[in-house]
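Heads up, the thing below is written out as structure tokens.
The values are calculated or read from the model by the stated rules, or taken from the named source; none is laboratory data. A quick note: this is a predicted structure, and the numbers were derived from the prediction, not measured. Methodologically, a virtual Cβ is constructed for each residue, glycine included, from the backbone with ideal geometry; neighbour enumeration extends over all protein chains shown. Heavy atoms of the whole protein, side chains included, go into the accessibility calculation; ligands, DNA and RNA do not. Shrake-Rupley method; radii C 1.70, N 1.55, O 1.52, S 1.80 Å.
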Amino acid sequence: MAVLYPPTSFSFLVNGVSVTEGIDSRFQSVSGLSSEIPTEEYSEGGENRFNHFLPGRTKYPNLVLKRGLLVSSGLITWCRNAMENFEFEPRDLIITLAGGLESTAPLMVWNVVGAIPVKWEVSEFNAEESKLAIETVELKYRYFTIPSAHIPGL
């Protein structure tokens, strides 16, 4: 299978956010799949040409999922249980980027570990506009991995 480079980003699924998949695996957008390693600068006595940099722990931003507002779904139940009852049930998510128009076979997969909801927001209601109500869910997670079996050429 020939892989287009760069791949399109519009064909993706998010599995694992609810017990019943389907409607809870389709989102308008997903963001927050990034990682950063902060560094600490260290000056060595007698070495004036440069400073040493010591790597710290990897940091991950919140995972942000957006979609049209649904009145009832497994995702909503999971978020409400966390927000209203303070009962957190960490979930592992699988985000799959598909091949787009040519194929639905996975091009890349991200395994997100230990996600919990930390924010749920509904877009503004405005009687002067005819727009969909959008819900945004932010999830804090421990880390993610990209299995090499799902990376073409590896």
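Quick look at the numbers
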| item | result |
| --- | --- |
| List R80, R26, R67, ordered by accessible area with a 1.4 Å probe, largest first | R26, R80, R67 |
| Förster radius 22 Å - calculated FRET efficiency between Q28 and M108, Cβ distance, rounded to 0.05 | 0.70 |
| Contour minus Cα-Cα distance for E40 and M83 (0.36 nm per residue) | 11.9 nm |
| Contour excess over end-to-end distance, with Cα ends at R57 and S72 and 0.36 nm allotted per residue | 1.6 nm |
| Reachable lysines from K131, criterion Cα separation under 21 angstrom, eight or more residues apart if same chain | K66 |
| Within straight-line cross-link reach of K59, lysines at Cα separation under 23 Å, skipping those fewer than 8 residues along the same chain | K119, K140 |
| Label zone at I116 (point 7 Å along Cα-to-Cβ), backbone N below 15 Å, the stretch 62-97 | 62-63, 78-92 |
| Amide hydrogen neighbours beyond the local backbone of F12, cut-off 5 Å, H modeled | A98 |
| Candidate residues Y141, Y60: accessible-area rank, largest first, probe 1.4 Å | Y60, Y141 |
| Heavy-atom accessible area order for W120, W110, W78, largest first, 1.4 Å probe | W120, W110, W78 |
| For the stretch 10-92: rounded, prolate or oblate by the Cα gyration tensor [a/c cutoff 1.5] | prolate |
